[in-house]
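Everything on this sheet refers to the single structure shown next.
Just so you know, all these numbers are worked out from the coordinates, no wet-lab data involved. Just so it is clear, the model here is predicted, and its values are computed rather than measured. Cβ placement follows ideal geometry from the backbone for every residue including glycine, while neighbour counts extend to all protein chains displayed.
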Ligand code: ADP
Ligand code: MG
């Protein structure tokens, strides 16, 4: 589904991604962990061209999206993204947030968009909030709306950048539970997270980034139980 070959990203003189290569198969759940500033967000943002890699190639379903010829909006239609800080449209109700892009970008009829939107809001447990504005919601509710909104585009890939990092502790579980439901549907997911138990439990594969280098890649149980590099051992010592 996703193939990254020798990705580098340079900001000014700062090489923040160094020769990263990995493959993510359809239906796989990949968690990306590593210290702050290690390049996790930049890597994720390269996958939907929110950042253009400085060199290297990214293939989504065998299409090279880094050759400068592709329509970025077309690529992003198929790749949903959920951010740490929700990024909901503040002037729209919950239901409008979820139904806007399908109508505008996918040219869905209002009727279809409303039907799908209501179904998605039911799935994330927010039917009673359809007409509320984002500023009336808790952080956990906002993030569940953001997930429903991304899913409303019916993407084949979902990217999550620290979706629970801005939440009060008691709201983390409701968001992780929604993400687990999504894992069970077979969605291809790439998740940057500091929730190590979650990362271990749901992932088919863990990527450990340190200073822009993909230091370790592999089975979560092996990684968490027997990390190979000193960097990973030090990191896990600090967070577990
Ligand atoms: P992480 O998500 O692992 O905390 P980031 O990908 O956000 O790491 O950042 C990696 C490095 O790239 C950091 O040193 C950060 O300051 C730098 N960086 C990220 N985005 C930009 C940008 N748009 N311009 C310049 N430097 C950036
Ligand atoms: Mg980040």
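So what is the calculated 222 nm ellipticity per residue for the chain, using -39500 (n - 2.57) for each DSSP H run with n of 4 or more, over all residues, to the nearest 500 deg cm²/dmol? Numbers along the way, then the final one.
Numbers: 9 runs with 88 residues, N = 240.
Calculated mean residue ellipticity at 222 nm is -10500 deg cm²/dmol.
What separates the Cα centres of region 79-136 and region 177-214 is a distance of 24 Å.
FRET efficiency for the pair residue 36 and residue 180, taken as 1/(1 + (r/R0)^6) with r the Cβ-Cβ distance and R0 = 22 Å, rounds to 0.30. Over every Cα atom in the chain, the radius of gyration and the widest Cα-Cα span, Dmax, amount to 17.9, 55 Å.
Computed over region 1-127, the percent of Cα pairs more than 17 Å apart is 66. Secondary structure note: in the chain, about 55% of the DSSP beta bridges are antiparallel. Could you state the angle between the C-alpha long axis of helix 110-123 and the longest principal axis of the C-alpha atoms of the chain, as a value from 0 to 90 degrees rounded to the nearest 10? It is inclined by approximately 60 degrees.
Using Cα pairs closer than 8 Å and at least 6 residues apart in sequence, work out the relative contact order for the chain, in percent. Mind showing how you got there, number by number?
Values: 429 pairs, mean separation 63.2, N = 240.
Relative contact order comes out at 26 percent.
Packing order of peptides 30-37, 231-238, highest average first: 30-37, 231-238 (average count of other Cβ atoms within 10 Å over each peptide's residues). Axis angle, to the nearest 10 degrees, between helix 139-151 and the longest C-alpha principal axis of the chain: 90 degrees. Projected onto their three principal axes, the Cα atoms of region 147-186 cover extents of 29, 17, 14 Å, largest first.
Roughly what angle does helix 230-239 make with the longest principal axis of the chain, taking Cα atoms, 0 to 90 degrees, to the nearest 10? Value to nearest ten degrees: 40.
Here region 176-240 has an Rg and Dmax of 12.2, 36 Å, counting Cα atoms alone.
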